[in-house]
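What follows draws every value from the coordinates through simple rules; no lab data is involved. The shown structure was predicted, so the numbers you read here are calculated from the model rather than taken from an experiment. All Cβ positions, even for glycine, are placed from backbone atoms using ideal geometry, and neighbour counts span all protein chains on display.
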Amino acid sequence: MKKIAVLTSGGDAPGMNAAIRAVVRSCLHYEIEPYGVYDGFKGLCENNIYPLSRKEVSRIINRGGTILGSARYDQFKELAYQKRAAKNLKSKEIDGLIVIGGDGSFKGALALSEQGIFTMGIPATIDNDIAASDYTIGFFTALDTAVESIDKLRDTSFSHQRCSVVEVMGRHCGDLALYAGIAVGSEFIITPETGFDKRKTINHVKESFDRQKRHAIVVLTEKMTDVTQLAKDIEAATSHETRATVLGHVQRGGTPQAFDRVLATEMAEHAVYLLKERQSSKVIVLKGKEISDMAMPDALTLKKEMPQKRYGLVGRLKN
Ligand code: F6P
């Protein structure tokens, strides 16, 4: 393997830069020429592919976002675009491609494997929704951002004897809401795994206030319900003023925390090593404390299990 390219795709995640840096530095270690693809699969189709130097990736390990840019590019589902991308790589004699992103991005990588490109996927998404890996790059930084924000909401919520309804990201995965909810000592957590029961939610908050609590926090995953309406309904049922806050894209930014940097570095190094060994179509995963890998088709079909015990925690600690 003489040349390896790297791209970031889908929603960005803190720690992507640390992964890009480690790809470049590992390539140089093995005397492989590293290339960067700008703006994800879109850039790949538009031949936006340039060599990356050691210097270009210095001082990025602690930077949020991705220096390569990212994009959601639906056209890449079409064979013609996949063929064009493979052609662009081959014209530069690049055999290997590392895709840093989520499961949608890995589907793109798999399609390229079928066009004769050696591919590796590195899971990076704040949603932590890749079942094959215990954690994804960016999840813990986003979690810290959510927790810091909800702690601030708690200050004002306590002062005013209010209920705070806080929506976090996560798409179809409740991990951000679950972990943030536990970390801030919330009264109630609503996620795609728990489902949404308005009556139950309101009763739960009401019971908290009946137990003389000064304030309450409800954390929920995006798209579960209309948070503004839920806040109105809680206020009407409890007579406690209730405010809704949507944390939004602030969760995707910021300096990656240490674990995300370490995870990104280890995963990237493993991806380059596997490509050097001429392996392909693998997703790099964290299982327990070990970095390993899984065949991409298997990783894409694996379903995430619901951590039942962790979900029960909030209810068990309510007194
Ligand atoms: O996948 C990461 C994520 O931030 C999800 O949590 C969220 O649903 C989505 O991306 C938002 O996407 P966009 O930035 O395209 O609005």
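For the pairs K42/K90; K276/K303; K200/K304; K107/K289, flag any whose C-alpha to C-alpha distance is greater than 28 Å.
Exceeds cut-off: K276/K303.
Magnitude of the Cβ-charge dipole of segment 154-200, K/R +1 and D/E -1, about the Cα centre, nearest 20 debye?
180
What residue among I122, S149, L112 has its Cα farthest toward the positive end of the dipole of segment 70-169, where the charges are +1 on Lys, Arg and -1 on Asp, Glu, each on the Cβ?
Farthest towards the positive pole: L112.
So what's the back-of-envelope 222 nm ellipticity for the chain, counting only DSSP H runs of four-plus at -39500 (n - 2.57) apiece and dividing by all residues, rounded to 500?
-13000 deg cm²/dmol
Out of the DSSP beta bridges found with both residues in the chain, what percent are antiparallel (nearest 5)?
20
In terms of the Cα gyration tensor, with a ≥ b ≥ c the square roots of its eigenvalues, is segment 20-76 rounded because a/c is under 1.5, prolate because a/b exceeds b/c, or oblate?
Because a/c hits 1.5 or more and a/b fails to exceed b/c, segment 20-76 counts as oblate.
In nm, to one decimal, how far is the modelled label at Q308 from the one at Q115, with both set 7 Å along Cα→Cβ?
In this crude spin-label approximation the distance works out to 4.5 nm.
For the chain, set up a Gaussian network in which alpha carbons nearer than 10 Å are linked by springs, and say which option among R252, R199, R243 fluctuates the most.
Of the options given, R199 has the highest mean-square fluctuation.
Between the helical axis of 16-29 and the dominant principal axis of the chain, each derived from Cα atoms, what acute angle in degrees is found, rounded to the nearest 10?
Its long axis makes an angle of about 30 degrees.
Along its principal axes, what span do the Cα atoms of the chain show, with the longest given first and each in whole Å?
68, 37, 33
Relative to the longest principal axis of the C-alpha atoms of the chain, give the angle of the C-alpha long axis of helix 227-238, reported between 0 and 90° and rounded to the nearest 10°.
The helix 227-238 is inclined about 20 degrees to the chain.
Hey, can you rank 207-217, 9-19 by average C-beta count inside 10 Å, highest first?
So the order, starting with the most tightly packed, is 9-19, 207-217.
Roughly speaking, what is the stretch gain from R72 to E207, that is 0.36 nm per residue apart minus the C-alpha to C-alpha distance, in nm to one decimal?
44.2 nm
Is the C-alpha gyration tensor of segment 2-99 telling us rounded, prolate or oblate? Criteria: a/c under 1.5 is rounded; beyond that, a/b larger than b/c is prolate, otherwise oblate.
Taking the square roots of the gyration eigenvalues as a ≥ b ≥ c, segment 2-99 is oblate.
Can you pull out the trypsin sites (Lys or Arg not before Pro) in segment 280-315 whose DSSP state is coil and whose Cβ has at most 10 other Cβ atoms within 10 Å?
K289, K303
Around K55, what is the net charge, scoring Lys/Arg as +1 and Asp/Glu as -1 over all other residues with Cβ under 13 Å from its Cβ?
After counting each charged neighbour, the total is +3.
Going 7 Å from the Cα of T228 in the Cα-to-Cβ direction, what parts of segment 161-175 have a backbone nitrogen less than 20 Å from that spot?
It comes to 163-169, nothing else.
What is the gain in length, in nm to one decimal, between D151 and A80 on full extension, counting 0.36 nm per residue of separation less the C-alpha to C-alpha distance?
Contour length minus the Cα-Cα distance gives 20.7 nm.
Sum up the charges of everything whose Cβ sits under 10 Å from the Cβ of R243, counting Lys and Arg as +1 and Asp and Glu as -1, but leave R243 out.
My count for the surroundings of R243 gives -1.
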